[in-house]
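To start, the structure under review is shown below, and the notes come after it.
The values are calculated or read from the model by the stated rules, or taken from the named source; none is laboratory data. Please read these numbers as outputs of a predicted model, since none were measured by experiment. Reconstructed Cβ throughout: ideal geometry from the backbone, glycine too, with neighbour counts over all protein chains shown.
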């Protein structure tokens, strides 16, 4: 299966944003000290700092915003 992305289709942008918003924490995950230290290192960990309750709240908000 292949996905074709067209940046000119609003519904595709909205879908991408909805998926990203599920993992929204409401805070900046990288602080200034970490940003400075990361400049010399190409490695950034993939830790997810969103608990299950927050993900569920985000999902409900996205469903409400999109009338689904």
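A few remarks follow.
- Residue check, residue 8 on the phi > 0 side of the Ramachandran plot, in a loop (DSSP other than H, G, I, E, B) and modelled with pLDDT of 85 or more: no
Each row is one residue, and each column tells you yes or no for (1) part of a helix (DSSP H, G or I); (2) in contact with a strand residue (DSSP E or B) (Cβ under 7 Å, 6 or more places away or on another chain); (3) modelled with pLDDT under 65.
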| residue | (1), (2), (3) |
| --- | --- |
| 4 | no, no, no |
| 24 | no, no, no |
| 28 | no, no, yes |
| 34 | yes, no, yes |
| 42 | no, no, yes |
| 54 | yes, no, no |
